Every structure is written in structure tokens, then in C-alpha cells.
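Worksheet for the structure shown next.
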Amino acid sequence: MFFKYKALNRNQESANGLIEAVSENAAADLLREKGLTIISIEEESEGKDLQRFNILNRIKVKDVVIFSRQFSVMISANVTMVQALRILVDQTANVRFKMVISDIADEVDSGLKLSDSLKKRSNIFSNFYVNVIKSGETSGRLDEVLNYLADEMEKDYDMMSKIRGAMIYPAFVFFGLGTVGIVMMVFVVPKLTDILAESGGQLPFATRVLIATSKFMTNYWYILLLLLAGLIVGFKFFVSRPEGRLIFDKLKLRVPIFGKLFQRIYLVRFARSMSTLIMGGVAITESLKVVAQVVDNQIYKNLIEETVKEVEDGNSISSVFIESKEVPKMVSQMMSIGEKTGKLDIILARITDFYGREISNIVANLMTLMEPAIMVVMGLAVGLMVAAIILPMYNMANNV
């Protein structure tokens, strides 16, 4: 259960928030252990909804972006960190995130650094996020860092949303086609093919294949389900192993049309994250180690890890990138220029903008190509059905 409380901390300042406990008494004991003097405590009605719909209340990237933006505004207005976090508890709509922010406020109030508190919640705040915040604490520019972090996260969120949005239409169409196809094969086709089979004539090859497929799907559907489940489990097991993940990530970069899109996405992730960390004052080697975890592709991860070793040995960042076939020459050459001029963060930001625009163009072109491709697939599906069922029935009617 979740309980909303009002209390006073050791400095007799007000402290409001959410806490999870099995009962009201247990919640009160937990608050006292944190050194809080309880004013009021009551069960949070939204907490009941959270228990019922836990998946719907997951903390999204958008929640973290809004949190960062609002936190930045309050810090720049000279609101104390703890007070700003307490205010954000009431401002946040997501119940689970309310509780997380409340716990962070309590820990910061107890003397823990903000970055250390965020690090304990790595499922919400990435290593990238924590390192940027840590750099802001060190430099005394936490408000600027938070605002810049929110901007960059928002750009990344918008880019991925645009790509997902472009894929929704074809995915919905193919799902619809698949559903209609299954219904036809299981319920409609058997009745039509029974009529053709009773005619006693030689059926076309396409019709015989259709009848065999329909019978298999009707009588052995559970085998298909087991095969599908086996494929899903086998695929997850395959990509969970380092060798399997490497092969899968290579294939993603080799897929026609989409391979180019994936490459651009990984380059933007690398350039944007690296630029943000360098601007935040994080050391080059530490930035590279963080970005290796952010890029989410084993090929580029290995490439960045090799770069870390080169940099630690006193070599250039671009030395490994220049030799790689997975990195366009323009990127490695611009990075080399950025290193020589001391403006690597600015160069990386420009690379991000350039490839961000390329991603938008590729997605727009894909949307343009998808519509005729879907029409062709639908036409082929209808054509096969006509060839396998309608034409034999037409011929049978003519022979009568």
C-alpha cells in the first residue's frame, strides 16, 4: 500500500511525500527511522490504482524529461534541492514516480548526494543520466546541466517516437492481414474447399496447397503455437548470449533499407550522448565508457571500448573510428578535426543534427514506400485466394 504523509525533518522543515508499506503503522515506523516527525499520514487512493494497474504506471522517458525540466527551473530560481524535490512530488502525475522522488528527497535531505541517490535507481535513471548530474554537481551548474539533459533526452525521445509512429501503420496492416488470413484458413476455406473436393475433378496445385494448409492449421494449431513460442524463447536465448547478440546486431546493420536507418540511429545516440557528457565536464575516457552502454549495439559498443583503450594509451579518439567500416568517413574526419581544435563537443552536436535530419528523411521515404508495398502484398494475397478458390469454382460452374 502507498501512504501520503506530511512531516517535519530534523531542521523542522516541512517534508511531504509518498511511502510504500504494508500498513499505516509500518509506514509511520519507516518515517520515524528517517528522522521525520509525522504530522499526518493517510492511504493514497491513487496507490490502489497503482497496485491494480502496475504496468500502466511504469515510469516512462517522458516522465523523466518533465522531471528534469521542472527540477532545472526550480534550481535556477534558487529553490533548495530538497524543497524542489518535495514540490515535484506533488507536481508529478505518475504515482510510482511520486514515491521514487519522495525517497530521493528523503535521502538528499539526510546528506546523500543527488547523483548517488539516482544511481541507486538505475532502472529509472541511466548511467548516462547519473554521470551528467554528477558533473553538474561538481561544476556547480546543476540547473544548466538538468536543462541541457532534458533537451537532449527530449530530442532522443522525439526521434524514437517518430520512428515507432512510422512503423505503427504497416505493423497494424500486416497484423490485420494475418488475423484475417487465419480466420479465412480456419473457418471459411474448409467450407469452400469441401465443395471443390466433392466435385471429384483434378484440383489445381494452388488449391491443393491451400486445402493442405487449412487442414493443418485447423487440426494442428497447437503445434503452430508451440513452434511460435519456441521461436520466441529461442531468439531471446540467442540474443542474450554475447556471440548471438553480436550476430544479431551485425544483421541489423546489413538489412536492406533498414540497415542504413539503424546505423544512423546508433551514430546519433553516440554523438548526442558523448556531446552532452563532454559539455557537462565529464572526462573523455569516462564519457566513452558511459556511451558504450547507451548505444545499444554490440558492434558499436566494441568499437567504443577499443577507443577507450586507445585514448588511455595516449592516442586519438578518432583512430579506431577511421579504421571501422561501420562509421562513415565524414564522422571520423569531423571528430579528428574536433579533437585538434578542442571543439569536439560542438562537432559531435553538429553530427547529431546532420544524422538526425537524415533519420527524418529516411523515415519519411519509408512511409512513402510502405503504402505501395502494402498494396502489392494485399493484391498478391487476394490473387492467391482467387486462383486457389474462385477460379476452380468458376470452372466447375462452367462444366456443369
| Pick from region 83-102, criterion touching a strand residue (DSSP E or B) at 6+ places or on another chain (Cβ under 8 Å) and within 13 Å of Asn16 (Cα to Cα), ranking: modelled with the highest pLDDT | Ile101
| task | Look at Gly314 and say whether it is of a type outside the set (S, T, N, Q), at positive phi and touching a residue at least 40 places away in the same chain (Cβ under 8 Å). | result | no
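If only one of Val255, Val180 is under 30 Å from Ala349 (Cβ atoms), under 36 Å from the mean Cα position of the chain (by Cα) and free of Cβ contacts under 8 Å to residues at least 60 places away in the same chain, which one is it? Steps first, answer last, please.
Details: Val180 fails: under 30 Å from Ala349 (Cβ atoms).
Val255 is the lone residue from the list that is under 30 Å from Ala349 (Cβ atoms), under 36 Å from the mean Cα position of the chain (by Cα) and free of Cβ contacts under 8 Å to residues at least 60 places away in the same chain.
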| task | Examine region 125-136 for a residue that is of a type in the set (A, V, I, L, M, F, W, C), farther than 17 Å from Val65 by Cβ and either out of contact with any Lys or Arg (no Cβ under 7 Å at 6 or more places or on another chain) or surrounded by fewer than 20 Cβ atoms within 10 Å (Cβ to Cβ) (or both), and state whether such a residue exists. | result | no
| Checking Leu380 against (1) assigned to a helix (DSSP H, G or I); (2) among the hydrophobic types (A, V, I, L, M, F, W, C); (3) touching a helix residue (DSSP H, G or I) at 6+ places or on another chain (Cβ under 9 Å), the condition it does not meet | (3)
| Residue match in region 357-365 (condition: within 24 Å of Val130 (Cα to Cα), touching a residue at least 40 places away in the same chain (Cβ under 8 Å) and assigned to a helix (DSSP H, G or I)) | no
| said: Looking at Thr193 and the list (1) of a type in the set (Ser, Thr, Tyr); (2) under 18 Å from Ile359 (Cα atoms); (3) in the same structural domain as Gly379 (by TED's automatic domain parsing), which single condition is not satisfied? | reply: (2)
| said: Would you confirm whether or not region 216-226 contains a residue that is at pLDDT below 80 and exposed (fewer than 14 other Cβ atoms within 10 Å of the Cβ)? | reply: no
| message | Yes or no: region 99-110 includes at least one residue that is in contact (Cβ under 8 Å) with a residue 60 or more places away in the chain, in contact with a Ser or Thr (Cβ under 7 Å, 6 or more places away or on another chain) and either in the same structural domain as Leu30 (by TED's automatic domain parsing) or farther than 22 Å from Phe3 by Cα (or both). | response | yes
| field | Number of positions in region 293-311 that are of a type in the set (A, V, I, L, M, F, W, C) and at positive phi | value | 0
| query | Looking at Val331, Val327, which one is part of a loop (DSSP other than H, G, I, E, B) and buried (at least 18 other Cβ atoms within 10 Å of the Cβ)? | reply | Val327
| query | Can you pull out the residues in region 155-173 that are over 19 Å from Arg264 (Cβ atoms) and either surrounded by 14 or more Cβ atoms within 10 Å (Cβ to Cβ) or touching a residue at least 40 places away in the same chain (Cβ under 8 Å) (or both)? | reply | Tyr169, Pro170, Val173
| query | Considering only region 52-75, how many residues are farther than 19 Å from Ile124 by Cβ and either modelled with pLDDT under 80 or more than 34 Å from the chain's Cα centre (by Cα) (or both)? | reply | 1
| said: Looking at region 77-89, I want the residues that are under 12 Å from Asp103 (Cα atoms) and have a partner that is hydroxyl-bearing (Ser, Thr, Tyr) and surrounded by fewer than 17 Cβ atoms within 10 Å (Cβ to Cβ) with Cβ atoms under 9 Å, at least 6 apart or on another chain. Which pairs are those? | reply: Arg86/Ser14
| remark: With criteria (1) among the hydrophobic types (A, V, I, L, M, F, W, C); (2) touching a helix residue (DSSP H, G or I) at 6+ places or on another chain (Cβ under 9 Å); (3) surrounded by fewer than 16 Cβ atoms within 10 Å (Cβ to Cβ), Ile299 comes up short on (3)
| said: Given the criterion assigned by TED's automatic domain parsing to the domain that holds Arg350, surrounded by fewer than 21 Cβ atoms within 10 Å (Cβ to Cβ) and within 28 Å of Val331 (Cα to Cα), identify the matching residue among Phe258, Phe235. | reply: Phe258
| query | Val183 fails exactly one of the following numbered conditions: (1) touching a Pro at 6+ places or on another chain (Cβ under 8 Å); (2) surrounded by fewer than 13 Cβ atoms within 10 Å (Cβ to Cβ). What is the number of that condition? | reply | (1)
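The values are calculated or read from the model by the stated rules, or taken from the named source; none is laboratory data. Please read all numbers here as calculations on a predicted model, not as lab measurements. For neighbour counting, all protein chains shown are included, and Cβ atoms are generated from backbone atoms with ideal geometry for every residue, glycine included.
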